[in-house]
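The values are calculated or read from the model by the stated rules, or taken from the named source; none is laboratory data. For clarity, every value in this text was computed on a predicted model and none was experimentally measured. When we count neighbours, we look across all protein chains shown, and the Cβ atoms used for this are built from the backbone with ideal geometry, even at glycine.
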Amino acid sequence: IDSIIEARKKEGPFKSLVDFCRRVDLRRVNRRVVESLIKCGAFDSLGQGRARLMAFLPEALDLGQLSQKEDSENQFSLFSVGGESGLTRPDPEPPKIEEWKEGQKLAYEKEILGFYITGHPLTRFSETLKDLKTSEIQSLVELEDKENVRLAGMVAALKEINSKKGERMAFATLEDLSGACEIIIFSDIYRKFGSYLKEETPLCVAGVTSRDEKGVKVIANEVLPLAEVEENKAQQAVLKIQVNGLNRIHLSELKDLLNAHKGLCPVQICACLPDESQVVLSLPEHFTIKPSVQLRREIKTLACNPVLEVVYPDPAKAEGNGEEGRRRFKGNGNGKANGKKVAV
């Protein structure tokens, strides 16, 4: 970092990745360091995209090393880096490739920095979370013991242990935009859903609260990727549309969009009339859809300005599993015996 600061103070802001590689001491700033800087967004001000810069990095480093070698040996090049020693040659451009998806960018930020900097994986699901009626983690303190609850978040830490019966179970730290809490996953649930806890993807956790003197935990009954819950758990989709100004073109666009997102969720149209009354129409079965973030995004581009609401079932109730787990495992979450901690 000191080498980068020195180079910036000496000649001003870096103009490109090649300019950076030419000016910093590459004996102190190696490839791994530059890769980390790209992943966490340190070069975003260049406006060239992280994926492009990462693909271009080997060539940029080669050019930087060649330039520094020439400088150290006092060699003259016809195409030296500007100045009076030669002609100025424009730096080559990074290849034009597709940028990383938002999820990949955020995962790299968390990997390098330990936190998200340009967003949060849950942000794009904001409308979905409203329909799912998830609780914010910070609001758990307001709930009583043994209340059913649905949460959404990212696994920040995972601790696997063996129960007294020798069965594998786990404690997970779930984080959302409001805070973090401990999730207890007993063996039956862990066998079904444990693999999802190790993925860098937003999760939806249905469970029951467990209060003690240390605070509120959640005993999980179901753990699934949030996108899967959004698509497969939907019971009914309602499209609210203002009738004023509605025409055949608008309806045709809506029809095409629904056909592009076919699924199993039935759809109703709620036509809002000028007198504030409403007419609800159930669409035929061949118009069933698969709710998703992409569908919600595309709906907002339609000229008729429909509003999508999706109905989901209440959080899965604990049918004995949580209580049974509490009785057979009196642990306090410290994972003493046979424990294995997994960094996420």
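Answer yes or no: is there a residue in the range 182-201 that is surrounded by 21 or more Cβ atoms within 10 Å (Cβ to Cβ), in a strand (DSSP E or B), modelled with pLDDT of 95 or more and of a type outside the set (V, I, T).
No: the range 182-201 contains no residue that is surrounded by 21 or more Cβ atoms within 10 Å (Cβ to Cβ), in a strand (DSSP E or B), modelled with pLDDT of 95 or more and of a type outside the set (V, I, T).
Here is a yes/no grid of residues against (1) in a loop (DSSP other than H, G, I, E, B); (2) touching a residue at least 12 places away in the same chain (Cβ under 8 Å):
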{"residue": "C21", "(1), (2)": "no, yes"}
{"residue": "L37", "(1), (2)": "no, no"}
{"residue": "Q48", "(1), (2)": "yes, yes"}
{"residue": "F56", "(1), (2)": "no, yes"}
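Consider only pairs whose beta carbons are under 6 Å apart and that are at least six residues apart or on different chains; among these, list those whose first residue lies in the range 301-314 and is of a type in the set (V, I, T) and whose second residue is not in a strand (DSSP E or B).
Pairs that qualify, where the first residue is of a type in the set (V, I, T) and the partner is not in a strand (DSSP E or B), are V310/D131; V310/A234; V310/P291; V311/Q235.
Just to check your reading of the model, which residue among S178, S210 is within 20 Å of E147 (Cα to Cα), hydroxyl-bearing (S, T, Y) and within 25 Å of the chain's Cα centre (by Cα)?
Details: S210 fails: within 25 Å of the chain's Cα centre (by Cα).
Going through S178, S210 in turn, the sole match is S178.
Give S277, S282, S292 a once-over and let me know the one that is closer than 28 Å to G207 by Cα and small (G, A, S).
Values: S277 fails: closer than 28 Å to G207 by Cα; S282 fails: closer than 28 Å to G207 by Cα.
On inspection, the qualifying residue turns out to be S292.
Would you tally the residues in the range 163-175 being over 17 Å from K217 (Cβ atoms) and part of a strand (DSSP E or B)?
Kept after step one, since they are over 17 Å from K217 (Cβ atoms), are these residues of the range 163-175: 164-168.
Still in the list and also part of a strand (DSSP E or B): 168.
The qualifying residues number 1.
Using beta carbons and a limit of 6 Å, which pairs, at least six apart or on different chains, have the first residue in the range 279-290 and over 15 Å from V310 (Cβ atoms) and the second one among the β-branched types (V, I, T)?
So the pair list comes out as L281/I269.
With L53, L37, L26, L17 as the choices, which residue is within 21 Å of W100 (Cβ to Cβ), over 24 Å from the mean Cα position of the chain (by Cα) and of a type outside the set (G, A, S)?
Numbers: L53 fails: over 24 Å from the mean Cα position of the chain (by Cα); L37 fails: over 24 Å from the mean Cα position of the chain (by Cα); L26 fails: within 21 Å of W100 (Cβ to Cβ).
That would be L17, the only listed residue that is within 21 Å of W100 (Cβ to Cβ), over 24 Å from the mean Cα position of the chain (by Cα) and of a type outside the set (G, A, S).
Among the numbered conditions (1) among the hydroxyl-bearing types (S, T, Y); (2) surrounded by fewer than 16 Cβ atoms within 10 Å (Cβ to Cβ); (3) assigned to a helix (DSSP H, G or I), tell me where S178 comes up short.
(3)
Table: residues versus (1) assigned to a loop (DSSP other than H, G, I, E, B); (2) modelled with pLDDT under 90; (3) crowded, with 17+ Cβ neighbours inside 10 Å.
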residue	(1), (2), (3)
L53	no, no, yes
G64	no, no, yes
Q68	no, yes, yes
E99	yes, no, no
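Kindly indicate whether any position in the range 193-201 is under 25 Å from the mean Cα position of the chain (by Cα) and free of Cβ contacts under 8 Å to residues at least 12 places away in the same chain. Working first, answer last.
The initial filter retains those residues of the range 193-201 that are under 25 Å from the mean Cα position of the chain (by Cα), namely 193-201.
Retained after the next criterion (residues that are free of Cβ contacts under 8 Å to residues at least 12 places away in the same chain): 195.
Yes, that holds for at least one residue.
Which of the residues that make up the range 247-274 are touching a helix residue (DSSP H, G or I) at 6+ places or on another chain (Cβ under 7 Å) and either among the hydroxyl-bearing types (S, T, Y) or closer than 13 Å to E298 by Cα (or both)?
L257, L258, H261
State which residue is farthest from Y312 (Cα to Cα) when the search covers only the range 282-301 and only residues that are polar (S, T, N, Q) and out of contact with any strand residue (DSSP E or B) (no Cβ under 8 Å at 6 or more places or on another chain). Can you show your working first?
Start the filter on the range 282-301 by keeping residues that are polar (S, T, N, Q), which leaves 282, 288, 292, 294, 301.
Of the ones still in play, those that are also out of contact with any strand residue (DSSP E or B) (no Cβ under 8 Å at 6 or more places or on another chain) are 292, 294, 301.
Values: S292: 13, Q294: 18, T301: 24 Å.
Ranking the candidates gives T301 first.
Pick out the one residue from K217, K262 that is touching a strand residue (DSSP E or B) at 6+ places or on another chain (Cβ under 9 Å) and more than 23 Å from E127 (Cα to Cα).
Result of the check over K217, K262: K217.
Does F115 fit the bill of being out of contact with any Phe, Trp or Tyr (no Cβ under 6 Å at 6 or more places or on another chain) and loosely packed, with under 13 Cβ neighbours inside 10 Å? Outline the logic, then answer.
Details: out of contact with any Phe, Trp or Tyr (no Cβ under 6 Å at 6 or more places or on another chain): yes; loosely packed, with under 13 Cβ neighbours inside 10 Å: yes.
Yes, satisfied.
Taking the condition modelled with pLDDT of 90 or more, in contact with a Cys (Cβ under 7 Å, 6 or more places away or on another chain), within 30 Å of V155 (Cβ to Cβ) and surrounded by 15 or more Cβ atoms within 10 Å (Cβ to Cβ), does I38 pass?
On the way: modelled with pLDDT of 90 or more: yes; in contact with a Cys (Cβ under 7 Å, 6 or more places away or on another chain): no; within 30 Å of V155 (Cβ to Cβ): yes; surrounded by 15 or more Cβ atoms within 10 Å (Cβ to Cβ): yes.
Against the criterion (modelled with pLDDT of 90 or more, in contact with a Cys (Cβ under 7 Å, 6 or more places away or on another chain), within 30 Å of V155 (Cβ to Cβ) and surrounded by 15 or more Cβ atoms within 10 Å (Cβ to Cβ)), I38 does not qualify.
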